[in-house]
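This report concerns only the one structure given below.
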Amino acid sequence: MTDKMLRALTEFPMLHSGDSVVVALSGGADSVALLHALNSVREKYNFALYACHLNHMIRGVEADRDEQFVKDLCEKLSVELFVKRVDVPALAKEQKLSSELCGRNVRYEFFAKLAQKLNAKVATAHTASDNVETVLFNIARGTAVTGLCGIRPVRGYIIRPLILATRKDVEQYCSDNKLEFVTDSTNLTDEYTRNKFRLNVIPELNSINPAFEKNAL
């Protein structure tokens, strides 16, 4: 996974010596692996590293657990962490938006403010697997060629260092480095459209052709 991350950083390119990077840290496997991997190379590549965590206040005790987990992790890695709490369900109701869309809007508003405050880039932990899900989602709802391109490796101040690594790569990295992470219970149900692709559609496509994910990329 680290090799794929370094290839993405240089191929697209994402980082330069002297840059500052804020990792969007949910506490899940992808973002924990990203923070750990960037932290392991930050001195060699000469960039400042921070992390941020948004508590959406959707999952009650579980969300508080996630917040405490990322605080402990960042303290262990000596990475400065920025935390924000937003009552997304209440805000979504007020703005007449779905919780999913409202949460996304709040996250990227948080990212933008931090990027400006720290003169930094924000690294999200989107993987190649997320990219495949996005392409399929765009096809299902109807898209032009732009939608078939999936997730951009770089979009303004947003960078995706894991965009060449699959979810299996991330899981192996966490196992090899004995990294703990938390699991968002909403990712285990197919209530959200993206989860339907992840839990139901992609496994079927992989059963037809085990190289499906690689071919889609």
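The values are calculated or read from the model by the stated rules, or taken from the named source; none is laboratory data. Model, not experiment: these values are computed from the prediction. Reconstructed Cβ throughout: ideal geometry from the backbone, glycine too, with neighbour counts over all protein chains shown. For accessibility, only protein heavy atoms count, side chains too; no ligands or nucleic acids. Shrake-Rupley method; radii C 1.70, N 1.55, O 1.52, S 1.80 Å.
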For the subset of the stretch 58-86 comprising residues that are open to solvent by less than 60 Å² (accessible area, probe 1.4 Å) and not aliphatic (A, V, I, L, M), which member is farthest from residue 36 (Cα to Cα)?
-> 60
Before we move on, is residue 81 in a strand (DSSP E or B) and touching a residue at least 40 places away in the same chain (Cβ under 8 Å)?
-> yes
What is the residue count in the stretch 114-134 for residues that are open to solvent by less than 50 Å² (accessible area, probe 1.4 Å), modelled with pLDDT of 95 or more and assigned to a helix (DSSP H, G or I)?
-> 3
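Say we look at the stretch 139-174 and pick out the residues that are among the hydroxyl-bearing types (Ser, Thr, Tyr), in a loop (DSSP other than H, G, I, E, B) and in contact (Cβ under 8 Å) with a residue 24 or more places away in the chain; which of these is farthest from residue 211 (Cα to Cα)? Step through it out loud before you land on a result.
Here is the first cut: in the stretch 139-174, the ones among the hydroxyl-bearing types (Ser, Thr, Tyr) are 143, 146, 157, 166, 173.
Pick out the ones that are also in a loop (DSSP other than H, G, I, E, B) and you get 143, 157, 166.
Next cut, in contact (Cβ under 8 Å) with a residue 24 or more places away in the chain only: 157, 166.
Values: 157: 32, 166: 12 Å.
Once the filter is applied, the top-ranked residue is 157.
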In the stretch 140-178, what residues are surrounded by 16 or more Cβ atoms within 10 Å (Cβ to Cβ), over 25 Å from residue 109 (Cα atoms) and of a type in the set (A, V, I, L, M)?
-> 164, 165, 170
Lone qualifier among 111, 137 - being aromatic (Phe, Trp, Tyr) and either farther than 23 Å from residue 163 by Cα or open to solvent by 20 Å² or more (accessible area, probe 1.4 Å) (or both) = 137
Of everything in the stretch 179-193 that's closer than 24 Å to residue 150 by Cα and open to solvent by 80 Å² or more (accessible area, probe 1.4 Å), which residue is modelled with the lowest pLDDT?
-> 188
Can you pull out the residues in the stretch 29-50 that are in contact with a helix residue (DSSP H, G or I) (Cβ under 8 Å, 6 or more places away or on another chain), among the small types (Gly, Ala, Ser) and either assigned to a strand (DSSP E or B) or closer than 16 Å to residue 130 by Cβ (or both)?
-> 29, 33, 48
Just checking, which of 199, 205 is more than 27 Å from residue 35 (Cα to Cα) and free of Cβ contacts under 8 Å to residues at least 24 places away in the same chain?
-> 205
Return the residue satisfying two criteria in turn: it lies in the stretch 200-217 and is open to solvent by 70 Å² or more (accessible area, probe 1.4 Å) and among the hydrophobic types (A, V, I, L, M, F, W, C), and of such residues it is nearest to residue 138 (Cα to Cα).
-> 217
